[in-house]
Amino acid sequence: MVSLLLVLLLFGLLTVALVSAVLLLLLTLLLLELLLLPVFALLALLTVVAALLSLPLAAVAPESHPTIRKIMKSVSANTTRKHLANISKCLDSAVRQNVIAFNPVKRVDQPKKQKFTGVKYYNERQIEQLLNCSKNDPLEIVVLLTVFYGLRRSEVLGIKWSAIDFENMTIAINHTVVQGYKTEYRKDSTKNDSSNVVIPLTKMIVSRLKQWQEQQRRHQSLQPNDYIDEGYVCTQVDGRLIKASYVSKHFKLLLAKHDMPNIRFHDLRHSSAGYLKHLGFDLKDIQIWLRHGDISTTANIYLNLDIESRRAIAVNLDKRFQKFNS
């Protein structure tokens with residue numbers, strides 16, 4: 001009788017442990033799926049299993065999995081750090097609930113944070129050159145809206161015709177398109193609350209948007225059976241939304257074709273800030289236009305763009321110090 005009770009007790013404990021582990025794994029994978037981390041969800045799954053079974057981390061190291069190793073090579077160090085931070089938060093919750101003894105991600109050596117060493121922004125002359133170069137390019141409307149409004153890639157791709165009010169001259173920034181690993185995520189939300197706003201249209205932007213809308217109609221009339229109208233503004237010739245990965249890759253080709261300095265597509269947002277500064281707008285104006293939640297973010301960009309002010313100071317000092325140059 002005692003033996004039977006012990007067996008039942010042991011079975012019960014194992015069942016509880018197994019159910020807890022399964023629930024944790026499902027919760028982890030669900031959270032990571034929402035965070036656009038399918039590949040890192042697999043890593044999290046492996047590390048949690050290792051923790052539950054008291055296996056050494058080496059047993060689940062990425063180096064032992066060729067597919068994971070191949071995928072991780074295509075991800076930057078900064079992206080890897082961001083993903084590990086999200087996974088770690090999830091596993092910290094499991095530790096607090098006593099589901100696992102420790103957070104295995106905290107024992108992982110993270111890659112060093114990379115600093116982008118290219119040109120951080122375009123000046124006003126380069127912006128105008130880019131706008132001319134992008135005419136009749138597949139990214140023409142994308143580049144124009146990004147530079148003009150300082151939009152993020154996810155925001156410009158998320159603009160739908162239904163969000164544009166030509167009568168009241170506004171665009172609602174309330175839908176985004178984010179590129180995950182082999183997956184595209186479309187959602188009715190923005191990076192933060194301050195980014196979810198209504199921005200004004202101008203006569204020039206209205207004119208360009210209507211021209212583009214008419215071009216979309218021509219594309220549709222030429223391929224009525226193949227055209228896919230999803231309601232987005234930034235589309236390919238067949239009506240499908242331009243992919244986020246294509247934007248970044250083609251943007252580099254566009255710059256190279258016209259011998260322009262290499263910058264990231266996101267740097268057009270910084271370039272927009274620089275252009276506003278050149279036009280005389282102050283820090284608060286730029287924060288409002290770029291929709292930064294914290295003015296310190298704007299200030300950091302503002303300081304990085306202030307090379308012209310530094311140059312003016314340097315020239316002035318050079319004149320003053322000329323008498324010591326003997």
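Where a Cα-Cα gap under 12 Å defines reach, which aspartates and glutamates qualify for residue 203, not counting those fewer than 8 residues away within the same chain?
Reachable aspartates and glutamates: 167.
Could you give the distance between the Cα centres of segment 202-219 and segment 102-172, to the whole Å?
Cα centres, segment 202-219 to segment 102-172: 20 Å.
Sketch the reach of a paramagnetic label on residue 124 as a point 7 Å from Cα along Cα-to-Cβ, and name the residues of segment 242-285 whose backbone nitrogen lies under 11 Å away.
Taking a point 7 Å out along Cα→Cβ of residue 124, the residues of segment 242-285 whose backbone N falls under 11 Å are 275-281.
Could you pull out the chymotrypsin sites (Phe, Trp or Tyr not before Pro) across segment 106-179 that fall in loop regions by DSSP (anything but H, G, I, E, B) with no more than 13 other Cβ atoms inside 10 Å? Kindly include the intermediate steps, with their values, before the conclusion.
On the way: sites: 116, 121, 122, 148, 149, 161, 166; in loops: 116, 121, 122, 166.
Of the chymotrypsin sites (Phe, Trp or Tyr not before Pro), the ones in loops of segment 106-179 whose Cβ has at most 13 other Cβ atoms within 10 Å are 116, 166.
State the extension gain, in nm to one decimal, for the chain segment bounded by residue 189 and residue 225, taking 0.36 nm per residue of separation less the distance between their alpha-carbons.
On the way: separation 36, 0.36 × 36 = 12.96 nm, distance 3.18 nm.
Fully extending the segment from residue 189 to residue 225 adds 9.8 nm.
Of the listed peptides 265-277, 281-293, 134-146, what is their order by residue-averaged count of other C-beta atoms within 10 Å, with the highest listed first? Please report the intermediate quantities before stating the final value.
On the way: 265-277: 21.5, 281-293: 16.7, 134-146: 18.7.
Output ranking for 265-277, 281-293, 134-146: 265-277, 134-146, 281-293.
Give me the one-decimal nm value for the distance between modelled label points at residue 110 and residue 78, 7 Å along each residue's Cα-to-Cβ direction.
Spacing of the two 7 Å Cα→Cβ label points: 1.4 nm.
Compute the distance in nm between two label points, each set 7 Å from the Cα along the Cα-to-Cβ direction, one at residue 256 and one at residue 283.
In this crude label model, residue 256 to residue 283 measures out at 3.9 nm.
No value in this document is a laboratory result; all are computed from the given coordinates. Computed from a prediction, not measured in an experiment: that's the story for all the values here. Don't worry about glycine lacking a Cβ; one is built from the backbone with ideal geometry, like all the others, and counts go over all protein chains shown.
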